[in-house]
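The block underneath contains the structure these notes are about, expressed in structure tokens.
The values are calculated or read from the model by the stated rules, or taken from the named source; none is laboratory data. Every value quoted in this text rests on a predicted model; they were computed, and no experiment measured them. Reconstructed Cβ throughout: ideal geometry from the backbone, glycine too, with neighbour counts over all protein chains shown. Accessible surface is based on the protein model in full, side chains and every heavy atom, while ligands, DNA and RNA are left aside. Shrake-Rupley method; radii C 1.70, N 1.55, O 1.52, S 1.80 Å.
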Amino acid sequence: MTDSVKLNAAGKDLDLKVLSGSVGPDVIDIRKLYAQTGMFTYDPGFTSTASCDSAITYIDGDEGVLLHRGYPIGQLAEKSTFMEVCHLLLNGELPTKDELDKFSYTISRHTMLHEQLATFYRGFRRDAHPMAIMCGVVGALSAFYQDSADITDPQQRMIASHRLIAKMPTIAAMAYKYSIGQPFMSPKNNLSYTGNFLQMTFGVPAEEYVVNPVVERAMDRIFILHADHEQNASTSTVRLAGSSGANPFACIAAGIACLWGPAHGGANEAALNMLREIGTVDRIPEYIARAKDKNDPFRLMGFGHRVYKNYDPRATVMQQTVREVLGELGVTDPVFDVAIALEEMALSDPYFIEKKLFPNVDFYSGVILSAIGFPTTMFTALFALARTVGWVAQWNEMISDPEQKIGRPRQLYTGPTQRDFVPLADRT
Ligand code: CMC
């Protein structure tokens, strides 16, 4: 381990401090670089840049390790519940029994939406994508909760965080109900967080909804697997939006917008659509060839990751969960056979081996969600629901950091140099 690195820039010798985290690569502290050399660093896509320090989540992409507050994701997915993981991410520790009861109670007491928000839904087209609705409705929450708008008060921040975690299932379920023309279902506080979400999504007022425990457990595990993922695009968006002191609900709406893209949260929807399009195992080689063709924009959705250059540990749990859910529901989906065969073929292909492209969390999640009964358009909304706790945990961490500054990247300008204005009549 070194304390500093030497850099010769603009004719000056600089000693740049090296900072060490509790685990993971050291980072070079370049905060004084511009002041001392008049130069910036250039790193589009942040492939070599840490934008903050954080004590929430650790990823070792080469080894396929994902830890939340130190706990491996595999152990959390197997032994914990989403409510416990929410407490862990938000408060730093797994809850005691009393703390868990209190936390779950608090969350369950914030699940209802203001009645006026129901009218807000009616402004959307019936065929609106649920992510469009989620962006709009979550942003609109900022107009309803003035009592949690003072972000300098830790207690108000926590109330806003609890509200967001609690209301997100209601908001997502209502987006679904609206799209199929069914009445909105009220939350039921005697159900678990996940059971309640299933009830609000698949229940109807005319019948008593019975939660299937295998589906409930699978869904809860999917929520755990998506709860946080350090400084990914949507989390960085939430941090950047929040760094200006913006309203928390508006910041989370910004995160939802970022998550929607097919390179990020939208990949689960795109992956299942791709598996359906492939349809049969004999057509896989054609799609693998397309993914390898530089002149074809097609990529294998659910494959590859900016950080994981090994099997995504979340994909391992997902693959086990698919078998459980399909078995329990008695679903035989040919898409699962296509997924298994595609994974096998891609992982033995030199292109994918050399580029270290492995299945990511989204490769199998679509198969499970589809078996449970969700339409593909809901997949990313479920990701947003689960990631909300990560977003609010990271937002809280940022706001409470005494060194926090507004996020303001610099640029390498390549446009015209200064020139004089030309009146319209003189332009050719
Ligand atoms: N299929 C075919 N080739 C790929 C794929 C893929 N899925 N992913 C990356 N590559 C190739 C890419 O063409 C490039 O090749 P070359 O070096 O010859 O130009 C090389 O691998 C590196 O790719 P990159 O785009 O520079 O890598 P990145 O770190 O910028 O992108 C990624 C990461 C996730 C956007 C990308 O792998 C991808 O588009 N995957 C498909 C979408 C997907 O599944 N996204 C979900 C990510 S996990 C959920 C989440 O965290 O949001």
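Data table
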{"item": "Evaluated over segment 373-428, the Cα radius of gyration and Dmax, each in Å", "result": "23.2, 64"}
{"item": "Gaussian network model of the chain, Cα within-10 Å springs - most flexible of 154, 409, 213", "result": "409"}
{"item": "Tensor-based shape of segment 234-351 (alpha-carbon gyration tensor, a/c under 1.5 rounded, otherwise prolate or oblate)", "result": "prolate"}
{"item": "At 1.306 mPa s and 10 °C, Stokes diffusion of segment 318-428 via Kirkwood alpha-carbon radius, µm² per second", "result": "81"}
{"item": "Neighbourhood charge, 12 Å Cβ-Cβ cut-off, centred on residue 27 and excluding it, Lys, Arg +1 and Asp, Glu -1", "result": "-1"}
{"item": "Value of D in µm² per second that Stokes-Einstein yields for the chain, Kirkwood Rh from Cα pairs, at 10 °C (1.306 mPa s)", "result": "68"}
{"item": "Pairs beyond 28 Å (Cα-Cα), from 79/309; 79/167; 97/177; 294/356; 79/102", "result": "97/177"}
{"item": "Selected from 88, 138, 182, residue furthest toward positive end of dipole (segment 79-187; charges at beta carbon)", "result": "182"}
{"item": "Computed label-point distance, nm, for sites residue 35 and residue 152 using a 7 Å Cα→Cβ extension", "result": "2.4"}
{"item": "Size of charge dipole - the chain - debye, nearest 20, with Cβ of Lys, Arg +1 and Asp, Glu -1, no other charges", "result": "1060"}
{"item": "Positive-pole candidate from 329, 377, 75, dipole of the chain, charges at beta carbon", "result": "377"}
{"item": "Span-rule helices in the chain, defined as complete DSSP H runs reaching 27 Å or more along the axis (Cα) with Kyte mean at least -1.0", "result": "154-180, 379-399"}
{"item": "Sequence-distant residues sharing a close amide H with residue 303 (under 5 Å, placed H)", "result": "360"}
{"item": "Length added when fully stretched, residue 26-residue 118, from 0.36 nm per residue minus Cα-Cα", "result": "28.2 nm"}
{"item": "Segment 232-295: C-alpha pair distances exceeding 14 Å, %", "result": "66"}
{"item": "Amide hydrogen neighbours beyond the local backbone of residue 9, cut-off 5 Å, H modeled", "result": "14"}
{"item": "Cα-based convex hull volume of segment 166-269 per residue, rounded to whole Å³", "result": "121"}
{"item": "Local electrostatic count, residue 180, Cβ distance below 15 Å [Lys/Arg +1, Asp/Glu -1]", "result": "+3"}
{"item": "4 °C / 1.567 mPa s Stokes-Einstein diffusion coefficient of segment 115-196, Kirkwood radius on C-alpha pairs, µm²/s", "result": "94"}
{"item": "Relative contact order (%) - the chain, alpha-carbon pairs under 8 angstrom, separation at least six", "result": "19"}
{"item": "Segment 1-61 and segment 307-385: distance between their alpha carbon centers, rounded to Å", "result": "36"}
{"item": "Label-to-label distance, nm, for residues given as residue 420 and residue 337 (7 Å Cα→Cβ offset)", "result": "7.6"}
{"item": "Lys, Arg +1 and Asp, Glu -1 on Cβ, resulting dipole of segment 88-244 about Cα centre, debye, nearest 20", "result": "420"}
{"item": "Fluctuation leader among 293, 60, 312 - the chain, Gaussian network, Cα springs under 10 angstrom", "result": "293"}
{"item": "MRE, 222 nm, helices only [DSSP H, n ≥ 4, -39500 (n - 2.57), over the chain, to nearest 500]", "result": "-15500 deg cm²/dmol"}
{"item": "Three-way shape label, segment 168-221, alpha-carbon gyration tensor, a/c 1.5", "result": "prolate"}
{"item": "Within the accessible area of the chain (1.4 Å probe), percent carbon and sulfur", "result": "54"}
